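The values are calculated or read from the model by the stated rules, or taken from the named source; none is laboratory data. Note that the structure is a prediction, hence the values are computed from the model and not measured. Methodologically, a virtual Cβ is constructed for each residue, glycine included, from the backbone with ideal geometry; neighbour enumeration extends over all protein chains shown.
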Amino acid sequence: MNDIERNKLAMRRFATCINTNNRALAEELIAAEAEFTTPVSDKPLYGGAGYLSVVDLMRKSFSDIHWELVDMAAEGDKVAVSWICSGTHDGEFMGLAPTGKKFSFSVMNFYYFNAAGKIVNDVAAQGLFGLLTTLGLIREVTA
């Protein structure tokens with residue numbers, strides 16, 4: 001199996017990891033030194049535990065949250081993934097009371113791998129805007 005196939009397989013396993021909150025799988029797939037920045041933390045998060053801490057936060061706000069891996073493309077050390085994220089806003093989210101609204105939005109992420117085949121970075125497109133718009137917490141501006 002070449003590196004591109006290995007990385008794509010890792011992404012399929014990563015989808016299982018985040019949908020099941022599997023800590024052992026996160027540690028297997030994400031390099032310990034991987035640094036993630038997120039709007040929900042003022043400090044970088046590291047490794048599998050750091051990544052899943054964001055998943056934990058999302059599950060507190062959206063208990064049925066689910067990420068569906070729709071498509072992916074790989075080249076070199078990176079894999080681009082198109083996700084559909086869906087769930088119900090049934091817990092407080094960033095200080096906002098639950099709305100009970102269901103949501104579904106698309107988001108694109110780019111994952112970077114080290115030579116050992118572990119994720120070392122995740123760069124996300126702006127999916128949060130889609131979530132907040134769907135929940136009615138902000139208004140989409142049109143020209």
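Structure summary
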quantity	calculated
Qualifying residue in the stretch 125-134 (condition: modelled with pLDDT of 75 or more and surrounded by fewer than 18 Cβ atoms within 10 Å (Cβ to Cβ))	no
Filtered residue count, the stretch 1-20, keeping only those that are touching a helix residue (DSSP H, G or I) at 6+ places or on another chain (Cβ under 6 Å) and either among the β-branched types (V, I, T) or not in a helix (DSSP H, G or I) (or both)	1
Scan of the stretch 56-79 for residues that are without any contact (Cβ under 8 Å) to a residue 60 or more places away in the chain, among the small types (G, A, S) and outside any loop (DSSP other than H, G, I, E, B), ordered by number	S61, A73
Residues located in the stretch 23-56, provided they are surrounded by fewer than 17 Cβ atoms within 10 Å (Cβ to Cβ), in contact with an Asp or Glu (Cβ under 9 Å, 6 or more places away or on another chain) and of a type outside the set (F, W, Y)	P44, A49
Some residue of the stretch 80-99 being assigned to a strand (DSSP E or B), of a type in the set (D, E, K, R) and at pLDDT 85 or above	no
Residue tally, condition in a loop (DSSP other than H, G, I, E, B) and modelled with pLDDT under 95, over the stretch 21-45	3
Evaluation of G48 against (1) at pLDDT 95 or above; (2) assigned to a strand (DSSP E or B); (3) out of contact with any Cys (no Cβ under 7 Å at 6 or more places or on another chain); (4) not charged (D, E, K, R) (one fails), failing number	(2)
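Each row is one residue, and each column tells you yes or no for (1) surrounded by 14 or more Cβ atoms within 10 Å (Cβ to Cβ); (2) touching a strand residue (DSSP E or B) at 6+ places or on another chain (Cβ under 8 Å); (3) within 21 Å of F36 (Cα to Cα).
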| site | (1), (2), (3) |
| --- | --- |
| W67 | yes, yes, yes |
| G87 | yes, yes, no |
| G91 | yes, no, no |
| G95 | no, no, no |
| F105 | yes, yes, no |
| I119 | yes, yes, yes |
| D122 | yes, yes, yes |
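Conditions tested, residue by residue: (1) under 14 Å from the mean Cα position of the chain (by Cα); (2) under 27 Å from A24 (Cβ atoms).
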residue	(1), (2)
D42	no, no
A73	no, no
S86	yes, yes
K102	no, no
M108	yes, no
Y112	yes, yes
A115	no, yes
